[in-house]
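The values are calculated or read from the model by the stated rules, or taken from the named source; none is laboratory data. These figures come from a predicted structure and were not determined experimentally. No Cβ is skipped: glycine too gets one built from the backbone with ideal geometry, and neighbour counts run over all protein chains shown.
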Amino acid sequence: MCKACFVLQTSVVKMATWKTCLYVRGINQLTSFTRRQTLILYDCSQNQPSQIFLSKLLSTKAGHQTSTHGTLDKTENNVSTSTHNRCLKHNMPFNAMHHHTLSSNMKCLHGHPLLSTNINQSTRLGKTNFSLSTRSILESSPPSIQPYLRLIRFDKPIGTFLLYWPCTWSIGLAAQAGHLPSISTLAWFGIGAFLMRGAGCIINDMWDKDFDKKVARTKTRPLASGELTPFQALVFLGSQLSLALAVLLQFNTYSVILGAASMGLVICYPLAKRYTYWPQVLLGLSLNWGVLLAWSVLNGVLDWRVAPLYCACVLYTVFYDTIYSHQDKYDDMLIGVKSTALKLGDNTKPWLVGFSTVTIAGLSLSGFLCDQTWPFYLGVSAMTAHLAHQIMTVDLNNPDSCASKFRSNNQLGLMVFIGIVLGTLLKSDKTTEEKKRDLEMNS
């Protein structure tokens with residue numbers, strides 16, 4: 001039987017991140033938690049939970065510290081037993097301080113995954129909630145494949161969208177004037193974005209599993225927690241890359257070679273954070289390779305018109321991933337991982353202004369070179385306002401705020417894509433003579 005096997009989720013109003021020292025049956029552990037969650041203790045035992053002393057509540061918010069001492073008494077009134085929540089290793093029910101539905105990726109302090117039937121109040125009342133969200137699909141999938149889905153961040157599709165949207169921008173700009181973008185090309189790139197994002201996550205976790213164990217946000221990942229072995233991850237990576245290659249082979253030879261060339265960047269990115277404070281630049285170069293690939297698929301080869309678009313997308317990635325990296329900056333300092341968040345520190349926002357300025361300038365230049373019309377520039381204007389709002393409102397010392405702003409870039413990507421599509425539809429197709437004249441001028 002597990003001596004002290006429980007899950008903690010905690011909440012402190014107006015605090016970004018805090019740590020607490022736990023004393024449970026002689027076991028001490030210092031653990032980090034994020035704000036706006038509920039304090040729940042699960043004891044892996046068929047008996048009632050022992051007394052748990054919660055002390056030294058510290059806020060990592062700059063200039064603000066709070067100390068709290070409290071005791072959670074072992075009484076029948078404070079404890080309710082749920083037979084739905086079990087430790088998968090010991091197959092024993094958890095005694096919860098109060099009812100809560102466990103998420104599929106929760107673990108006890110010993111790293112054992114927890115199982116939940118995910119019964120909510122409406123289900124108890126006889127109602128059935130139907131959801132097609134990625135998280136609900138993951139939680140309803142067989143337990144044996146859930147670690148693999150979490151390994152590729154299936155329940156967090158924002159990464160796939162951030163890889164996909166720049167591809168759609170390139171497809172839209174390369175589309176024939178007065179026509180919609182190729183639906184089949186958009187579909188192939190959507191599948192490719194999902195597969196390559198998953199492959200990138202696996203490669204990243206294989207390199208970083210020892211680091212991930214030391215970071216509160218990442219220590220429950222399948223490789224870091226031991227749910228999957230490196231060999232299992234490697235086999236799964238092979239399947240992901242094989243499917244991605246099958247997608248790539250749908251395109252012309254030039255594009256196949258160009259797409260294969262991106263693997264060097266994908267493999268090297270996780271190593272960059274060990275040696276440079278600018279790993280986000282390498283991430284931008286690899287994550288936006290699809291911009292170049294989409295252009296070559298539709299035009300046969302690359303040309304200079306795609307260069308400003310690619311540069312804009314790289315700086316855009318540096319922009320949002322710098323915000324994202326502020327979530328882990330305290331842990332990164334402790335374990336020796338580098339990032340733009342640590343490099344820029346209190347000067348991050350002025351740098352974000354610079355990154356966004358280059359992004360807007362590059363995107364505008366690309367539209368000009370592609371003879372875009374006013375809807376395109378309206379979309380760029382909306383992007384400018386969105387980026388400005390992110391800079392002004394993000395609290396870089398609040399992980400929740402950073403995560404929220406990071407996720408908002410999904411809507412931004414869609415806005416720009418709509419602007420490009422409408423702008424292309426309003427473009428007039430050049431005559432054969434005009435095309436010949438342009439070709440002579442460029443040669």
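General remarks:
- Tally, over the range 276-306, of residues that are modelled with pLDDT under 95 and of a type in the set (Phe, Trp, Tyr): 1
- Qualifying residue in the range 284-303 (condition: among the β-branched types (Val, Ile, Thr) and in contact with a Cys (Cβ under 6 Å, 6 or more places away or on another chain)): yes
- For the range 143-202, the set of residues classified as in contact with a Lys or Arg (Cβ under 7 Å, 6 or more places away or on another chain) and on the phi > 0 side of the Ramachandran plot consists of Gly178 only.
- Any hit, the range 346-369, residues being part of a loop (DSSP other than H, G, I, E, B) and within 20 Å of Lys273 (Cα to Cα): no
- The range 207-231, residues that are surrounded by fewer than 20 Cβ atoms within 10 Å (Cβ to Cβ), part of a helix (DSSP H, G or I) and touching a residue at least 60 places away in the same chain (Cβ under 8 Å): Trp207
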